[in-house]
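To keep things clear, I will list the structure first and then write my remarks on it.
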Amino acid sequence: FFSQIIPFLVMIASRAPRAFLRAASALPSSSSLSPASTARPQHRNMATEKQLFQQIQSTKNIMKITSSMKMVSAAKLKGDENRLYAARPYNKWATTLTGEPSPVPEGADIADAEFLDIPDNSLIVPLTSDKGLCGGVNSFISRGVRGMCAKLDSTGRKSSVVVVGDKGRSQMRRTVGEKIVSAATEVQTPYNFDLAAAITSEVFAAGRDYAAVVIVYNEFVNSATYKQVYKVITPMSSTGPDESMVEYEFEPDVKNEVIEDLSEYLLCSHLFHSLMEAAASEQSARMAAMENATKNAGEMVDSLTLQYNRARQARITTELIEIISGASAIEG
Amino acid sequence: FFFFFFLSRRTPLHFYTPPKMPTPTTFWRLAGMTYMNYVTRATHSLRSALKEPAKTKAFANSAISYNRSTFDNAVQGAKKEVTKLGQAGK
C-alpha cells in the first residue's frame, strides 16, 4: 500500500505544494506541536519579499526622477554659465569703483567672517533661490546673513535685510525676521537686467539713507564649486571730503545729479552680476545634489535587491525543507 | 516782409540754440522717475524699433515677474505681483 501511495503523494506535493504542506503539517511530527512550531514563516517571508520588491520599485522610480533632474540642471547650467560669462565684462567698471567682492577665507564659513568693512546702518540683500533640492546654496547664505547680523549687532552696527528668493525668506524669517524690510519671491528665471532694475527699485524703496548696501550671494567657481561672497556698495558723494571721482569733469556740470544716476546704475549693475553668479551656482549645486541622490538610490537598490534575493532564497529553501521533511515522514 | 525778416536775423535759424539753463535738471527726474526707470524705458523704445525676429528675442529678455511683500516686525504682509518696472518698490 505504501509503495503505491508514495508516488501519488509525491505527485500531489509537486503540483500543490502549499495544500500538501498544510495537510502534512496537520500530521503529528517528531517536533512538538507548540504554536511557535506551527507558525507560518513562509507567509511572513512572502510579505517581506513583497515589501522589499515594492521598495525596490519605488527607489528605482526615484532614481529615474533624480537622474532626469540632473540632466535638466546640466542643460540649464550651460545656459546660466553662458549668461554669466557674457555679463562679467560689463561689471568690470563697477568692480573698479567699489572694489572686488569680499570672499571668505579658504575653508572658512561666511558666518565666521568679521565683516569689519560693513558700516553702521547697512542694508543686506541676500540672493537665494525659490526652488529647493539644490544642496546647501540657500542654507549657507542664510547662515552667513545670520552670522553677519549677529556680528553687526554685537559691535553696535544697525542693519536691515531685503531678501530675494523664497527659500531664503523662509529660513531668515525665523532667524533675522525682525530685520527683514521686504522680500521678493517667485522671481522669474532666467534673470535679466530689467529684473535687476526692479530689485534695485525694491532696495531703494526700503530706504535711501543707508550707509551701504551689502549683497550676499554665491559666486560660481566651476560646475562643482561655489563660494559665498559679499559686496559692500557705498553711495558716492558729490561734495565734501569724500567726494568721488574728483579727477573727472562732468558734462552737464551738475555732478550731484550725475553721481546719483551713477550710484543707481552701479547698484543695479552689481545686482545683475550677483544674480547671474547666484543662478549659475544654484544650477551647479542642484546638478551635484541630484547626481549624489541618483548614486545613493542606486546603492540602495543594490542592497535592497540583495535582501530581496536572500529572502526569496530563504523562502524557497524553507519550502524545499518542508517538502523533503514531509516526504521523509511519509517514508518513515 | 519775409525778405527783411531773414536779412535782419543775425543767427541762421538752423543754427539756433536755446540759452543754457543755470542749473538744468533732467525732465524724467522731475517727473518722479529714477535713472533705472529712465534707462529701462529708453531700452524699451530702442527694442521697439527693432525688426523681427530680433524684436521678439529682445523683448523676451525684458520680462519682469516676481511677488513682493513687506515685513512689519517679522510679520509678512500680503504678496503683490510685480510685472512692470513701474510697479516695483510701491
Where a residue in segment A:310-322 is surrounded by 14 or more Cβ atoms within 10 Å (Cβ to Cβ) and its partner, wherever it lies, is of a type in the set (Gly, Ala, Ser), with Cβ under 9 Å and at least six apart: A:Glu322/A:Ala24; A:Glu322/A:Ser25
Residue by residue through segment A:124-140, note down the ones that are crowded, with 24+ Cβ neighbours inside 10 Å, in contact (Cβ under 8 Å) with a residue 60 or more places away in the chain and either of a type in the set (Phe, Trp, Tyr) or not in a loop (DSSP other than H, G, I, E, B) (or both). A:Ile124, A:Val125, A:Pro126, A:Leu127, A:Val137
Hey, A:Met245 under 43 Å from the mean Cα position of the chain (by Cα) and either surrounded by 16 or more Cβ atoms within 10 Å (Cβ to Cβ) or touching a residue at least 12 places away in the same chain (Cβ under 8 Å) (or both) or not: no
Somewhere in segment A:251-268, is a residue on the phi < 0 side of the Ramachandran plot and more than 14 Å from chain B (Cβ to nearest Cβ)? no
Being touching a Phe, Trp or Tyr at 6+ places or on another chain (Cβ under 6 Å) and at pLDDT 90 or above is the filter here, so list the residues in segment A:225-263 that pass it. A:Tyr226, A:Gln228
Going by what's in this entry, would B:Ala58 be described as in contact with a Gly (Cβ under 6 Å, 6 or more places away or on another chain) and either open to solvent by less than 50 Å² (accessible area, probe 1.4 Å) or touching a residue at least 12 places away in the same chain (Cβ under 8 Å) (or both)? no
Suppose we filter A:Met276, A:Met300 for residues that are surrounded by fewer than 17 Cβ atoms within 10 Å (Cβ to Cβ), in contact (Cβ under 8 Å) with a residue 60 or more places away in the chain, assigned to a helix (DSSP H, G or I) and touching a helix residue (DSSP H, G or I) at 6+ places or on another chain (Cβ under 6 Å); which single one remains? A:Met300
Pair list, Cβ under 7 Å, 6 or more apart: segment A:176-196 residue at positive phi, other residue hydroxyl-bearing (Ser, Thr, Tyr) and assigned to a strand (DSSP E or B): A:Glu186/B:Tyr66
Please list, ordered by first then second residue, the pairs with beta carbon atoms under 7 Å, 6 or more apart or interchain, first in segment A:70-89 and of a type in the set (Asp, Glu), second modelled with pLDDT of 95 or more. A:Asp80/A:Ala279; A:Asp80/A:Ala280; A:Asp80/A:Gln283; A:Glu81/A:Ala280
Name the residues in segment B:36-90 that are charged (D, E, K, R) and more than 8 Å from chain A (Cβ to nearest Cβ), would you? B:Arg41, B:Arg47, B:Lys51, B:Glu52, B:Lys55, B:Lys57, B:Asp72, B:Lys80, B:Glu81, B:Lys84
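The values are calculated or read from the model by the stated rules, or taken from the named source; none is laboratory data. Here the structure is a predicted model, which is why all the values come from computation and not from measurement. Glycine gets a Cβ as well: all are built from the backbone with ideal geometry, and neighbour counts include every protein chain shown. What goes into the accessible areas is simple: the full protein's heavy atoms, side chains included, and nothing from ligands, DNA or RNA. Shrake-Rupley method; radii C 1.70, N 1.55, O 1.52, S 1.80 Å.
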